[in-house]
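The values are calculated or read from the model by the stated rules, or taken from the named source; none is laboratory data. Please read all numbers here as calculations on a predicted model, not as lab measurements. Heads up, the Cβs are rebuilt from the backbone with ideal geometry, glycines too, and the neighbour counts pull from every protein chain shown. Calculation scope for accessible area: heavy atoms of the full protein, side chains included, ligands and nucleic acids excluded. Shrake-Rupley method; radii C 1.70, N 1.55, O 1.52, S 1.80 Å.
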Amino acid sequence: MRLPHGVVETPVFMPVGTAASVKAVPQSLLEVVGAGGKGAQIILANTYHLYLRPGHELVRRMGGVHRFMSWGRPMLTDSGGFQVFSLSKLRKITPDGVEFRSHLDGSKHFFSPEHSMDVQIGLGADIAMVFDECVETPATWERTRESMGLTHAWAQRSKDHFELHKERVPWFEALGGATQSLFGIVQGGMYADLRKESAERLVELDLPGYAIGGLAVGEPREVTREMIARTLEHLPKDKPRYVMGVGYPDEIEEYARMGVDMMDCVLPTRAGRHGLVFVREDPKDRRSAVVRLNVKKLENAEDQRPLDEGCGCMVCQRYTRGYLRHLVSSGEQLGATLNSIHNLAFYLETMERVRGDLGGAAFSS
């Protein structure tokens, strides 16, 4: 993907920087972690969280989220829809948008498609997402179709408002008149016919990319896979296709080989902070099965091996399992950082290998 802040090779995994920070990992390390020292090509920031704190207007005045967090590479912001969905007891949905209370202080706020666009334009990531509604799981076909109708109406409103105001992005003049790319989000719950309808409706909007949303919300993995496969059939192959919020290392590899171009998940850093790391069953075979290693276990206390003897990351090249167990058991923040770095390297290495196998694809923003 050729974006205002750089070129992104696909398929790509995008680390999540919820509050303009990939938790426990400084930007200087994000730039070099993973295969060949290439680092993360693109990361996410979260519209809902940055809107609440420090506020999108402050970020805009600081030059946009890139300058605010000192990250010169591409970024994507979600629409805030999933976070609002998560506030099930604190929100009220109407055709106009969603009224919700902040999880921080209980203050009342309202997100409409137009407001989501204003916030995301102010933040200034390379890729913005239309405002959508994510339905709960399980949900009836009728409830899912009603929700999907809102998503489609809001997608049109998002696009209309974005087209009118996209030149207000903080770096418009500095980057020679470049603007953001607006991606659509396919919904439809766990119903293949609704996924088809949603994909076809969004493709009619002729957006530069399409996401598959509403997955990884509690459904079985085989259902996730089926919904992805069914939806991909109806999305153009010459535009980026993005599955939101997945997954484990073996899942992202499987979905990439199915034709998914972009994925994101908090799992590498969230698991790392809790002492869970990903390694290969056979360290010498980087295609062998993924093993979930709990470094907190007593059996690692005097283990002088690295986490993964076949991994070239800066953590595995320097630290032992015994030391990493000590850090996590002692509550030392360095443990969260080192485990997260290894997990991110593991994910990025996986995607580098898959790109080599598939040959990659080229999309213009």
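Worth pointing out:
- Solvent-free Debye scattering, log10 I(q)/I(0), computed from the Cα coordinates of the stretch 1-93 at q = 0.19, 0.24 Å⁻¹: -0.93, -1.28
- Rounded Å value of the spacing that divides the Cα centres of the stretch 62-100 and the stretch 308-365: 27
- Comparing GLY213, GLY176, GLY124 in a Gaussian network model of the chain where C-alpha atoms under 10 Å apart are linked, the largest mean-square fluctuation is found at GLY176.
- Prolate/oblate/rounded label for the stretch 75-198 (Cα gyration tensor, a/c 1.5): oblate
- In this view, the solvent-accessible surface of SER107, computed with a 1.4 Å probe and all protein chains in place, comes to about 40 Å².
- For LEU358, solvent-accessible area (1.4 Å; no DNA, RNA or ligand), Å²: 80
- With both labels modelled 7 Å from their Cα along Cα-to-Cβ, the GLN317 to HIS103 distance reads 3.7 nm.
- Accessible surface, 1.4 Å probe, highest first, among residues HIS326, HIS161, HIS342: HIS326, HIS161, HIS342
- The structure-derived value of mean projected area of the Cα convex hull in nm² appears in the list (1) 17.6; (2) 21.0; (3) 19.5 under the label (1).
- Stretched out straight at 0.36 nm per residue, the stretch from SER330 to ASP238 would grow longer than its current Cα-Cα span by 28.2 nm.
- Shape call, the stretch 95-167: gyration tensor on alpha carbons, a/c limit 1.5: oblate
- Solvent-accessible area of GLU299 with every protein chain in place, 1.4 Å probe, in Å² to the nearest 10: 140
- Per DSSP, loop GluC sites (Glu not before Pro) in the stretch 89-194 with at most 15 further Cβ within 10 Å: GLU136, GLU173
- Rounded to 5, percent antiparallel among DSSP beta bridges of the chain: 40
- Value of [θ]222 nm, deg cm²/dmol, for the chain, DSSP H segments ≥ 4, -39500 (n - 2.57) each, nearest 500: -11500 deg cm²/dmol
- Taking a sphere under 14 Å around the Cβ of SER86 and counting the other residues whose Cβ falls inside, with K and R at +1 and D and E at -1, yields a net charge of -1.
- Counting 0.36 nm for each residue step from SER86 to GLU281 and taking away their Cα separation leaves a gain of 66.7 nm.
- Contact order for the stretch 278-353, expressed relative to its length and based on alpha carbon pairs under 8 Å spaced 6+ residues apart, stands at 26 percent.
- Residues whose placed amide H lies under 5 Å from that of VAL98, excluding near-sequence neighbours: PHE111, SER112
- Candidate residues LEU50, LEU58: accessible-area rank, largest first, probe 1.4 Å: LEU58, LEU50
- Normalised by the number of residues in the chain, the average gap of Cα pairs under 8 Å and 6 or more apart makes the relative contact order 19 percent.
- With the charge dipole of the stretch 1-97 set up from +1 on Lys and Arg Cβ and -1 on Asp and Glu Cβ about the Cα centre, the Cα lying farthest toward the positive end among the listed residues SER79, VAL12, MET1 is that of SER79.
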